[in-house]
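The values are calculated or read from the model by the stated rules, or taken from the named source; none is laboratory data. Just so you know, these numbers come straight off a predicted model, no measurement behind them. Backbone-built Cβ (ideal geometry, glycine too); neighbour counts: all protein chains shown. These accessible areas exclude ligands, DNA and RNA; they are computed on the full protein's heavy atoms, side chains included. Shrake-Rupley method; radii C 1.70, N 1.55, O 1.52, S 1.80 Å.
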Amino acid sequence: MMDGKKQRKVIPFPNLSERLVDKGLDALKNKQFKEALSLFYEVLELGEERAEIHLGIALCLMELGELEEAKAVCRKMLHEDIGDYFTVLQVYLTVLIQLRQYSEVQQTIEAVLQENQLPHDQAEHFYKLLDFSRKMTEDEDFPIDEEEEDESYTEPRNLLDTINQQVAYVQSLKDRNVSRHMLQLQSILKDEGSHPVVQSMILHLLMENEVEKEVKIAKFGKTMSLIPAELEDLSELPFTKKVLNVLDDNLGQENPALYEAVKEVWIRHLYVLFPFLPEPAEARLWAAALHYAGYEMHGIAAPAEEVSYTYEVKEDRLMEAARKIYEIEEISYLQI
């Protein structure tokens, strides 16, 4: 007898853990970080302790901005030897950079170098990252006057080899004096090979800091010289509003929910192109392309001839503009 009650064991479905892990990894791949995180935690509750689960949790937390939690997960993995050491180490260092904890970055890399177990193919990367963290630590130790612009200061060159590092670097400057970093920022802006989203991040950083110094940007085969302080916010651009007004008159009346989703596609499209505008600058054309692409992206057929008739644009021009939207959408999410 057990107080008149029978104890029952909860038996999970066969292969439930594997299925949850697969779903979590798919969600992570599709940048559905909250869903992925929930799935990974659910697997942990089932008693699974696989390395990919812990790494998935760390990546989700990092992407969701829960940096201290991500840091704690990575530290646990490193200390308990969970997963590939150098993969986890790279994520850990990325989190530390986003937290602007450059001293810890420096100490961590120095400790790894002392153990003399660094893979040959990664040695250069870690030495560059070490140099970068030392420079950033020196910058913190010896701040300059906010009004001073030190042209003699140079950022460590070629230390930002990956998009991951560039993003972390730009994010680290949000509450700092950007004047001492202008040479490095301008080098990224002028480099046609830079990721256009990173370039847009830099321009918005300079706008927020009301930088009045002229900078040059090269992206998508175009170049422009501009003064960041004089740039307008994307949502306030007349062309942005004009396209959305035309789109709202049609798609907004037809399918309000889809209109809101497509509106985000448009803002994202402009952000990637920034400071350039789509060409040709014809509001009806781009409204039509967004209307067509919006339906297509959500798996709904939208006959091109009907859309072109509604917006009074030629079908071949509609399809070309839609193709450009697809191309920009493809690169609008950073793969880091």
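Return yes or no: is MET182 modelled with pLDDT under 90 and either in a helix (DSSP H, G or I) or surrounded by fewer than 20 Cβ atoms within 10 Å (Cβ to Cβ) (or both)? Spelling it out, MET182 is indeed modelled with pLDDT under 90 and either in a helix (DSSP H, G or I) or surrounded by fewer than 20 Cβ atoms within 10 Å (Cβ to Cβ) (or both).
Residue-level analysis places PRO303 outside the set of residues that are open to solvent by 70 Å² or more (accessible area, probe 1.4 Å) and without any contact (Cβ under 8 Å) to a residue 12 or more places away in the chain. Could you tell me whether region 165-175 includes any residue that is open to solvent by less than 20 Å² (accessible area, probe 1.4 Å) and modelled with pLDDT under 50? No, the conditions are met nowhere in region 165-175. Scanning region 22-56 for residues that are part of a helix (DSSP H, G or I), farther than 22 Å from TYR92 by Cβ and either in contact with a helix residue (DSSP H, G or I) (Cβ under 6 Å, 6 or more places away or on another chain) or among the hydroxyl-bearing types (Ser, Thr, Tyr) (or both) returns LYS23, ALA27, GLU35, SER38, LEU39, GLU42. Right, GLU208: modelled with pLDDT of 85 or more and either of a type in the set (Lys, Arg) or open to solvent by 70 Å² or more (accessible area, probe 1.4 Å) (or both) or not? The answer is yes for GLU208.
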